[in-house]
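The structure under discussion appears below in the form of structure tokens.
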Amino acid sequence: MKVEGGCHCGLVRFEAEVGDEPLEVLDCNCSICSMTGYLHLIVPDSRFRLIEGQRETTTYRFGSGKARHIFCAQCGIKSFYRPRSHPEGISISLRCIDGWEDLKVVITPFEGRDWGRGENVPGD
């Protein structure tokens with residue numbers, strides 16, 4: 001199944017092939033995800049395409065610096081990013097998908113707060 005979505009102001013737009021419903025969505029408890037209410041739909045790189053807005057994004061890194069949190073420079077929404085926990089994929093924010101309310105999803109808790117503790121770094 002193909003989905004499309006983007007940021008609040010519309011400068012950043014993407015499309016992705018996400019598989020069949022119900023879609024598995026991760027609810028991460030790390031500091032940034034819990035503060036923003038981000039719900040992760042992870043897709044392989046090859047199934048994600050940024051349609052518009054590459055020049056309109058800015059990146060934020062913290063902790064280990066491995067995750068690339070990508071935000072619209074105008075409205076501040078993170079509609080997708082490259083997570084440290086899934087380096088071969090892109091995490092799409094469920095709520096940034098057009099018509100997300102109509103999708104059948106299964107929400108699975110994800111331990112991001114303590115993810116990577118063996119490396120002495122916070123989840124990011």
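Step by step: first the residues of segment 23-52, then only those that are within 17 Å of Arg68 (Cα to Cα) and of a type in the set (D, E, K, R), then the one that is modelled with the highest pLDDT. Which residue is that?
Arg49
Scanning segment 111-124 for residues that are on the phi < 0 side of the Ramachandran plot and surrounded by fewer than 16 Cβ atoms within 10 Å (Cβ to Cβ), which turns out modelled with the lowest pLDDT? Steps first, answer last, please.
Here is the first cut: in segment 111-124, the ones on the phi < 0 side of the Ramachandran plot are 111-115, 117-119, 121-124.
Adding the requirement that they be surrounded by fewer than 16 Cβ atoms within 10 Å (Cβ to Cβ) leaves 111, 113-114, 117-119, 121.
Numbers: Glu111: 89, Arg113: 82, Asp114: 80, Arg117: 61, Gly118: 51, Glu119: 45, Val121: 38.
Once the filter is applied, the top-ranked residue is Val121.
Just to be sure before I move on: is Val25 over 13 Å from the mean Cα position of the chain (by Cα), surrounded by 17 or more Cβ atoms within 10 Å (Cβ to Cβ) and either of a type outside the set (A, V, I, L, M) or part of a strand (DSSP E or B) (or both) in the structure I sent?
On the way: over 13 Å from the mean Cα position of the chain (by Cα): no; surrounded by 17 or more Cβ atoms within 10 Å (Cβ to Cβ): yes; either of a type outside the set (A, V, I, L, M) or part of a strand (DSSP E or B) (or both): yes.
No; evaluated as a whole, the condition is false for this residue.
Which of the residues that make up segment 53-110 are assigned to a helix (DSSP H, G or I) and modelled with pLDDT under 95? Steps first, answer last, please.
Filtering segment 53-110 for residues assigned to a helix (DSSP H, G or I) gives 54-56, 94-96, 100-102.
Answer for segment 53-110, where residues must be assigned to a helix (DSSP H, G or I) and modelled with pLDDT under 95: Gln54, Arg55, Glu56.
Of the residues Gly37, Gly53, Gly19, Gly6, only one is under 15 Å from Ile90 (Cα atoms) and out of contact with any Asp or Glu (no Cβ under 8 Å at 6 or more places or on another chain); which?
Numbers: Gly37 fails: under 15 Å from Ile90 (Cα atoms); Gly53 fails: under 15 Å from Ile90 (Cα atoms); Gly6 fails: out of contact with any Asp or Glu (no Cβ under 8 Å at 6 or more places or on another chain).
Matching residue, one of Gly37, Gly53, Gly19, Gly6: Gly19.
Examine segment 65-80 for a residue that is more than 10 Å from the chain's Cα centre (by Cα), buried (at least 20 other Cβ atoms within 10 Å of the Cβ), without any contact (Cβ under 8 Å) to a residue 60 or more places away in the chain and on the phi < 0 side of the Ramachandran plot, and state whether such a residue exists.
Within segment 65-80, one or more residues are more than 10 Å from the chain's Cα centre (by Cα), buried (at least 20 other Cβ atoms within 10 Å of the Cβ), without any contact (Cβ under 8 Å) to a residue 60 or more places away in the chain and on the phi < 0 side of the Ramachandran plot.
Kindly provide the set of residues from segment 85-115 that are acidic (Asp, Glu) and more than 14 Å from Leu39 (Cα to Cα), ordered by number. Please lay out each step first, then the result.
Looking only at segment 85-115, we keep the residues that are acidic (Asp, Glu), and these are 88, 98, 101-102, 111, 114.
Across segment 85-115, the qualifying residues are Glu88, Asp98, Asp102, Asp114.
When you look at Phe62, is it within 26 Å of Lys2 (Cβ to Cβ) and of a type outside the set (Asp, Glu), yes or no? Can you show your working first?
Details: within 26 Å of Lys2 (Cβ to Cβ): no; of a type outside the set (Asp, Glu): yes.
Spelling it out, it is not the case that Phe62 is within 26 Å of Lys2 (Cβ to Cβ) and of a type outside the set (Asp, Glu).
Can you tell me which of Ser46, Ser64, Ser79, Ser85 is closer than 20 Å to Pro109 by Cβ and among the polar types (S, T, N, Q)? Spell out how you get there, then give the answer.
Working: Ser46 fails: closer than 20 Å to Pro109 by Cβ; Ser64 fails: closer than 20 Å to Pro109 by Cβ; Ser79 fails: closer than 20 Å to Pro109 by Cβ.
When all the criteria are applied, what remains is Ser85.
Quick one: Arg61 ticks every box in (1) in contact with a helix residue (DSSP H, G or I) (Cβ under 8 Å, 6 or more places away or on another chain); (2) surrounded by fewer than 17 Cβ atoms within 10 Å (Cβ to Cβ) bar one, so which box is it?
The one condition Arg61 does not meet is (1).
The values are calculated or read from the model by the stated rules, or taken from the named source; none is laboratory data. Owing to the predicted nature of the structure, the values given are computational and were not obtained by experimental measurement. A quick note on method: Cβ atoms are made from the backbone with ideal geometry, for glycine too, and the neighbour counts reach across all protein chains shown.
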